[in-house]
Amino acid sequence: MPREALEPPSLAVARETDDGVAIVRARGELDLATAPLLCRTISLAAAEGRRPRVLVDLAEVEFCDSAGLRALLGAAREVEARAGRLVVAAVPESMVDRLLGMAGLREFLHVRTPDDARAAL
């Protein structure tokens with residue numbers, strides 16, 4: 001069995017703040033094993049202000065399952081509970097974009113292209 005098949009999927013998550021906007025960038029696979037990392041990072045970003053503005057950039061996420069969707073929904077609710085706004089950036093017609101469309105979550109998660117996401121905040 002190849003070594004790659006034995007390694008768990010990975011997700012790299014980075015957080016930065018730019019002009020009052022918390023930006024959370026994810027790269028890799030968003031699934032049951034990695035969703036908690038994304039949730040924690042978004043929670044930290046949302047805790048930075050009274051009315052958080054959070055951009056979740058999923059342009060480099062190659063895979064997302066139902067656990068990833070639940071993580072995004074929970075994060076969006078948490079940000080909204082703080083009177084904030086969360087916007088998701090996804091590449092049009094990517095796997096993530098198609099999944100969000102099929103699940104009917106584009107409007108709720110304020111999905112935009114990576115170029116347009118910042119303006120939606």
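What follows is calculated from the coordinates using simple rules that are stated; it is not laboratory data. Nothing here was measured: the structure is a model prediction, and the numbers come from that model. Cβ: placed from backbone, ideal geometry, glycine included. Neighbour counts: every protein chain shown.
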Counting only DSSP beta bridges fully inside the chain, the antiparallel percentage to nearest 5 is 35 percent
Determine ³J(HN,Hα), in whole Hz, for all residues of the stretch 20-27 in sequence, where each value follows from phi through the Karplus function 6.51 cos²θ - 1.76 cosθ + 1.60 and θ = phi - 60°; x replaces Gly and Pro.
-> x, 9, 7, 10, 10, 10, 10, 9
Output ³J(HN,Hα) for the stretch 100-110: one whole-Hz value per residue in order, computed from phi by the Karplus curve 6.51 cos²θ - 1.76 cosθ + 1.60 with θ = phi - 60°, and x for Gly and Pro.
-> 4, x, 5, 7, x, 10, 4, 6, 4, 8, 6
Length gained, E16-L32, 0.36 nm per residue minus C-alpha separation, equals 3.3 nm
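Dividing the alpha-carbon Rg of the chain by 2.2 N^0.38 Å yields what? Before the final figure, lay out each step's value.
On the way: Rg = 13.9 Å, N = 121, 2.2 N^0.38 = 13.6 Å.
Cα-based Rg divided by the globular estimate yields 1.02.
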Could you list log10 I(q)/I(0) for the stretch 35-88 at q = 0.18, 0.20, 0.22, 0.23 Å⁻¹, which the Debye formula gives when each Cα is one point scatterer?
-> -0.53, -0.64, -0.77, -0.83
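Hand me the GluC sites (Glu not before Pro) from the stretch 53-121 located in a DSSP loop with no more than 11 other Cβ atoms within 10 Å, in residue order please. Kindly include the intermediate steps, with their values, before the conclusion.
Details: sites: E60, E62, E78, E80, E93, E107; in loops: E93, E107.
Here the GluC sites (Glu not before Pro) that fit, given the DSSP loop and packing criteria, are E93, E107.
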Percent of all Cα-Cα pairs per 5 Å bin for the stretch 53-121, counting from 0 up to the last occupied bin, reads 3, 19, 32, 27, 15, 4, 0
Which residues qualify? For L30, with a placed amide H closer than 5 Å and at least 5 residues away or on another chain, they are E62, F63, C64, D65
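Charges at C-beta only: +1 for Lys and Arg, -1 for Asp and Glu. How large is the resulting dipole of the chain about its Cα centre, in Debye rounded to 20?
Details: 16 positive and 19 negative charges, 112 e Å.
Dipole about the Cα centre, nearest 20: 540 debye.
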Mean residue ellipticity (222 nm) of the chain, computed from DSSP H runs ≥ 4 via -39,500 (n - 2.57), nearest 500 | -9500 deg cm²/dmol
Label-point separation, A83 to E62 (7 Å along Cα→Cβ), nm | 4.3 nm
